[in-house]
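Here is the structure we will look at, set down as structure tokens.
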Amino acid sequence: MDTQLLVADFEDWRETVTEAVALLEQGEVVALPTETVYGLAACAFNAEAVAKIFEVKERPSFDPLIVHIGRKSDLKKVAVVPEEIRELVDELIEAHWPGALTLVLPKHEDIPDLVTSGLPTVAVRLSAHEIMCEVAKVHGPIAAPSANRYGRISPTSAQAVMDELGGRIPLIIDGGACRDGLESTIIAPTMTEKGPVLRLLRPGPVSKEDLRLIAKVERVRNKPGATVEAPGQRASHYAPATPLMIVTKPGEFVPEEGKKYGLLTYRGSGGACLIDLTDWTATQTLSPGKGKLSEAAVRLFYCLRQLDAAGLDLIVAEPVANTGVGVAIMDRLKRAAAAHS
């Protein structure tokens, strides 16, 4: 299969939307940009089309997908909001939609079980990216996980999608580099005896601190063998093919002669930097000299892809502050490290 790459520039991006919608209506899958990462989209109500997502990504059927809608009013087409949490959901939507927040809610009966991996809930989001949003408006709700092979590094550029899925899908819409660079935050809003609680299933660009302004936040940590409630909850995920190790202190890493090592450093300098630990074959810096977590989040998957292509025996990653979007960065690094443990 030849994969067409269409660049969506300022003047003709709506033409690319028309191309994408036409393929979706034919039951095909297409790669679309969002503000978080690129997504692999199919009609959310077409089980055969959704099955192509799993086939193309080599994704196991037990890992549910996120459904993207194009307008807030379309939520009722894919989910049922219980009356007890309606006010809470409305507040979350008002604060963070469109944006990088995914809500897990009881699913509408029209959503195929394949989309939700048989779960009674569906993960829903309204993207802030004009192309993904417009496609979902014109076509209707679409299922769209990240546009990469399962378990691998998520794509934040059209070229990264081409590297992963070129020859497997008919169309990639190039909407430029992703603004946030990390997958959306996923929460399950619930009502308890003590009041509303936001169960944090996957950290992302919308931070725990942001969510606490609305309700109490409870981080859910998946135990081995536990049922997956939302995408991206497996212990090993977002991983390069090269083994990765998180090193917090220099003594934790002892280089072996003859092996090639790469460093994923936060700032590239400073007291906690590992740059002088050995003669690195390759280095990538998440936030050169600045130490800004927002910049590190945007660059994370790009830097991992660069190191993964450098022919290394091991990638050594420095930790970042476990606060704000740093929580999501560390979540991705830990899952990447777990893939080879």
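The values are calculated or read from the model by the stated rules, or taken from the named source; none is laboratory data. Model, not experiment: these values are computed from the prediction. Neighbour counts run over all protein chains shown; Cβ positions are idealised from the backbone, glycine included.
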Which residue pairs have Cβ atoms under 8 Å apart, sit 6 or more places apart or on different chains, and have a first residue in segment 196-218 that is under 19 Å from Leu300 (Cβ atoms) and without any contact (Cβ under 8 Å) to a residue 60 or more places away in the chain and a second that is surrounded by fewer than 17 Cβ atoms within 10 Å (Cβ to Cβ) and among the hydroxyl-bearing types (Ser, Thr, Tyr)?
none
Taking Ala51 as the residue in question, decide whether it is surrounded by fewer than 23 Cβ atoms within 10 Å (Cβ to Cβ), assigned by TED's automatic domain parsing to the domain that holds Pro141, in contact with a Leu (Cβ under 8 Å, 6 or more places away or on another chain) and among the hydrophobic types (A, V, I, L, M, F, W, C).
yes
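Residues are listed down the side, and each one gets a yes or a no for (1) in the same structural domain as Pro82 (by TED's automatic domain parsing); (2) touching a strand residue (DSSP E or B) at 6+ places or on another chain (Cβ under 7 Å):
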site	(1), (2)
Thr102	yes, yes
His108	yes, yes
Leu119	yes, no
Val122	yes, yes
His129	yes, no
Val135	yes, yes
Ala147	yes, yes
Pro155	yes, yes
Ile187	no, yes
Tell me the helices (runs of 4 or more DSSP H) entirely within segment 108-171 that contain at least 1 residues that are under 24 Å from Leu198 (Cα atoms).
113-116
Checked segment 233-258 for anything out of contact with any Leu (no Cβ under 7 Å at 6 or more places or on another chain), part of a loop (DSSP other than H, G, I, E, B) and surrounded by fewer than 17 Cβ atoms within 10 Å (Cβ to Cβ); matches are Ala235, Ser236, Ala241, Thr248, Lys249, Val254, Pro255, Glu256, Glu257, Gly258
Residue list for segment 57-81, filter: at pLDDT 95 or above and surrounded by fewer than 21 Cβ atoms within 10 Å (Cβ to Cβ):
Gly70, Arg71, Lys72, Ser73, Asp74, Lys76, Lys77, Val80, Val81
Are there any pairs with C-beta distances below 9 angstrom linking a residue in segment 2-31 that is under 14 Å from Ala158 (Cα atoms) to a residue that is of a type in the set (Lys, Arg) and in a helix (DSSP H, G or I), with the two at least 6 apart or on different chains, and if so which?
Ala8/Arg14
Inspect all residues belonging to segment 284-298 and state whether any of them is exposed (fewer than 15 other Cβ atoms within 10 Å of the Cβ), modelled with pLDDT of 95 or more, more than 24 Å from the chain's Cα centre (by Cα) and not assigned by TED's automatic domain parsing to the domain that holds Pro155.
no
Got a sec? Which of Glu218, Glu209 is acidic (Asp, Glu) and part of a strand (DSSP E or B)?
Glu218
Residue under question is Leu200, and the condition is that it be modelled with pLDDT of 85 or more and either under 21 Å from Asp180 (Cα atoms) or acidic (Asp, Glu) (or both); does it hold?
yes
Being touching a Lys or Arg at 6+ places or on another chain (Cβ under 7 Å) and crowded, with 21+ Cβ neighbours inside 10 Å, is that true of even one residue in segment 82-99?
no
Given the conditions (1) over 30 Å from Val217 (Cβ atoms); (2) touching a residue at least 24 places away in the same chain (Cβ under 8 Å), report the number of the one that Val298 does not fulfil.
(1)
Counting only helices (runs of 4 or more DSSP H) entirely within segment 1-88, those with at least 2 residues that are farther than 17 Å from Ile169 by Cα and out of contact with any Gly (no Cβ under 6 Å at 6 or more places or on another chain) are 13-25, 75-78
